[in-house]
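Taking it in order: structure first as structure tokens, then the write-up.
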Amino acid sequence: FETLAKIKDLNGNSPVFTANSLVANPDFSKIKIDGFERYHYELTTETYKKYPNHARSHEFIMEGIRAGIFVPQFHGREHLNVIRWINGLKGNWPLTRRTFDLGLFGISTSISNEKRKSYMEAYGLDDFSELSQHIHIVKEGLQIFEKIYGYKSKSFIAPNYTWHCDLDQHLSDSGVFYLQGKGYRKEPLPDGYNIRRTYMGKKARYGQIYLRRNCLFEPSFHASDW
């Protein structure tokens, strides 16, 4: 924040980070108590308190919002395909259960021998019947977003750039005017994906405008020197 605040354009404006944010994480304790039969989540504001020296993280985020240099937008309720993960836990899949015991869920399919699709693909589909749950998760997530940050999110960027077009109307009804992403969106189908090409300014079915990311910043990709 200090670095951003030091930089000004000729009108006195500082750079602004669009902080695409999740609002919830799995509540591992409650899920275990329920015998892996039901999914429970906790707000990210509660998750911060469980990490050393992170209890004031939300307070600092709100400082950035008030300063106009750090603007959270909606990334999803959580970065997790709830249906797939719970099915894996119920099925007692070894790696899924082992990582659950460590408080983790984001296991890449490239390092797992479990025959499944991505857990990180929050709105991926294995059956069209799952759409209703995705709609509920998105609508609830947007309500939590407004409660946490004090304003409605104007944009949405789906985890793994993957979401079905049926979600667009509900995003629009909730005040989402922009769809962030790459030069394409992955529309999930039970047997694959429909790749839809997009470009900056293109309009979606319900009037939302596509925005392309103007930079790639992933510090976890160690092959690149950011």
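The values are calculated or read from the model by the stated rules, or taken from the named source; none is laboratory data. As the structure is a computational prediction, the values presented were derived from the model and not from experiment. Neighbour counts run over all protein chains shown; Cβ positions are idealised from the backbone, glycine included. Surface areas here come from the heavy atoms of the whole protein model, side chains and all, with no ligands, DNA or RNA. Shrake-Rupley method; radii C 1.70, N 1.55, O 1.52, S 1.80 Å.
Worth a mention:
- Phe70 vs. criteria among the aromatic types (Phe, Trp, Tyr), in contact with a Leu (Cβ under 6 Å, 6 or more places away or on another chain) and either open to solvent by less than 40 Å² (accessible area, probe 1.4 Å) or in contact (Cβ under 8 Å) with a residue 40 or more places away in the chain (or both): no
- Thr162 satisfies every condition listed in (1) touching a residue at least 24 places away in the same chain (Cβ under 8 Å); (2) open to solvent by 40 Å² or more (accessible area, probe 1.4 Å) except (2).
- Test: residue in the stretch 99-110 that is out of contact with any Phe, Trp or Tyr (no Cβ under 7 Å at 6 or more places or on another chain), open to solvent by less than 40 Å² (accessible area, probe 1.4 Å) and not polar (S, T, N, Q): no
- Of residues in the stretch 173-199 being surrounded by 11 or more Cβ atoms within 10 Å (Cβ to Cβ) and more than 19 Å from Asn160 (Cβ to Cβ), the one farthest from the chain's Cα centre (by Cα): Asp173
- Annotation note: of Lys139, Lys154, the sole residue that is surrounded by fewer than 18 Cβ atoms within 10 Å (Cβ to Cβ) and in contact with a strand residue (DSSP E or B) (Cβ under 9 Å, 6 or more places away or on another chain) is Lys154.
- Top-ranked residue in the stretch 111-136 [being surrounded by fewer than 16 Cβ atoms within 10 Å (Cβ to Cβ) and of a type in the set (A, V, I, L, M, F, W, C); ranked as farthest from Ser172 (Cα to Cα)]: Ile111
- Note on the stretch 1-20: among residues that are among the charged types (D, E, K, R) and part of a loop (DSSP other than H, G, I, E, B), the one that is most open to solvent (accessible area, probe 1.4 Å) is Lys8.
- Qualifying position, being part of a helix (DSSP H, G or I), free of Cβ contacts under 8 Å to residues at least 60 places away in the same chain, out of contact with any Asp or Glu (no Cβ under 8 Å at 6 or more places or on another chain) and surrounded by fewer than 18 Cβ atoms within 10 Å (Cβ to Cβ), among Glu63, Glu46: Glu46
- Residues in the stretch 101-127 that are in a loop (DSSP other than H, G, I, E, B) and hydroxyl-bearing (Ser, Thr, Tyr): Ser108, Ser112, Ser118, Tyr119, Tyr123.
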